[in-house]
Amino acid sequence: MPFCPECGYEYEENVKVCPDCEVKLVDQLLEEHFDGEMVEVYSTFSSAEAGLMKEILYGNGIFSALSNELGSGMWGSAPSEAGEVRVYVSGQDEARARELIQTYLEDNPLTESEDVVVCDHCGAEVDPGEEVCPYCDEPFDKRR
């Protein structure tokens, strides 16, 4: 499975570009992304919310990985739409990651948008006007 070298997400074989970072995917991540034991710092049933937390951590120099209970894997994998999505960081980054997430949640209560198109195949969220996913070239089946 290919990975994004910027954010660490894992994608299906047919996806060639990370929808968030807009960079070409690589076959494997470098070991520098995994410094020590990974610990859970956040969980949600929203892949978009988990992705936001991952982005906040990345923007502050903390590598994180996502996983869900339905077995989509860990170490950067893209979660499926169902199941609890968990955010993991290296143990040495745990305290700072929790602080960043808590501060963000206190300052920015999360709200849901009904005007988002989610690709059922690769999970990318794109503009509502799109009919075909620009990342995996699959047509959209659902609008949320």
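By other beta-carbon atoms within 10 Å, ranking Met1, Met38 with the fewest at the front produces Met1, Met38.
Here Val23, Val15 are placed in order of increasing Cβ neighbour count within 10 Å, fewest first, which gives Val23, Val15.
Counting 0.36 nm for each residue step from Asn60 to Asp27 and taking away their Cα separation leaves a gain of 9.4 nm.
Give me Asp27, Asp137 ranked fewest to most by other Cβ atoms within 10 Å of their Cβ, as a rough exposure proxy.
Result, fewest neighbours first: Asp27, Asp137.
Extension gain, Ala48 to Glu99, is 16.4 nm, computed as 0.36 nm per intervening residue step minus the present C-alpha separation. Highest mean packing first, where packing is the average number of other Cβ atoms within 10 Å per residue, the peptides 52-58, 8-14, 127-133, 99-105 line up as 52-58, 8-14, 99-105, 127-133.
Every number here is computed from the coordinates shown, using simple stated rules; none is lab data. All of these numbers come straight from a predicted model, not from anything done at the bench. Heads up, the Cβs are rebuilt from the backbone with ideal geometry, glycines too, and the neighbour counts pull from every protein chain shown.
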